[in-house]
Amino acid sequence: MASRKAGTRGKAAATKQAQRGSSNVFSMFEQAQIQEFKEAFSCIDQNRDGIICKSDLKETYSQLGKVNVPEEELDAMLQEGKGPINFTVFLTLFGEKLNGTDPEEAILSAFRLFDPSGKGVVNKDEFKQLLLTQADKFSPAEVEQMFALTPMDLAGNIDYKSLCYIITHGDEKEE
């Protein structure tokens, strides 16, 4: 009985993890696009269980005439979903690819470099200086445009976790 419970719990956790993904991801696409993605998902989900797995990918490749796909390549595809790939995760992955946005965790990691205390904020003035002078330099107008959407505390610190969410999922206020 205990092993059956553990198996059920594992399946529930996998389902919950698969459901992660932005509920806002559907607002990134037109209804017709979502329908096309559903059709593509159905073509790939060969066993019709609602989750894309390695055997689904192998079968899809086989139908396209490509056999002997390296296991590492299949594993890398599945790892992009960071868990089971259901339709919402599938749509989120395409949204990230099509919009050219890095995954939220990659953006958070970059901001953490400027937050050695780990408080979840970075100083607005210091960050502005970096944006204006380093790497792909922002213009003053671009910085001001970005700050207009950036969540800040009373001390003028940027709440970068909220900013990352806006970057990857969109600003709820935009609509």
Among the residues of the stretch 55-97 satisfying the criterion of being in contact (Cβ under 8 Å) with a residue 40 or more places away in the chain and among the polar types (S, T, N, Q), which is farthest from Glu30 (Cα to Cα)? Asn86
When residues of the stretch 52-89 are filtered for being closer than 19 Å to Ser42 by Cα, assigned to a loop (DSSP other than H, G, I, E, B) and of a type in the set (A, V, I, L, M), how many remain? 1
Please work out which residue is farthest from Asn99 (Cα to Cα), limiting yourself to the stretch 129-174 and to residues that are modelled with pLDDT of 90 or more, among the β-branched types (Val, Ile, Thr) and open to solvent by less than 50 Å² (accessible area, probe 1.4 Å). Ile158
The stretch 90-120, residues that are open to solvent by less than 40 Å² (accessible area, probe 1.4 Å) and either in contact with a Lys or Arg (Cβ under 6 Å, 6 or more places away or on another chain) or not in a helix (DSSP H, G or I) (or both): Thr101, Asp115, Gly120
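The values are calculated or read from the model by the stated rules, or taken from the named source; none is laboratory data. Small disclaimer: the values here were computed from a predicted structure and weren't measured. Positions of Cβ are backbone-derived with ideal geometry, glycine not excepted, and every protein chain shown enters the neighbour counts. Quick note on the areas: whole protein, heavy atoms, side chains included, nothing else; ligands and nucleic acids left out. Shrake-Rupley method; radii C 1.70, N 1.55, O 1.52, S 1.80 Å.
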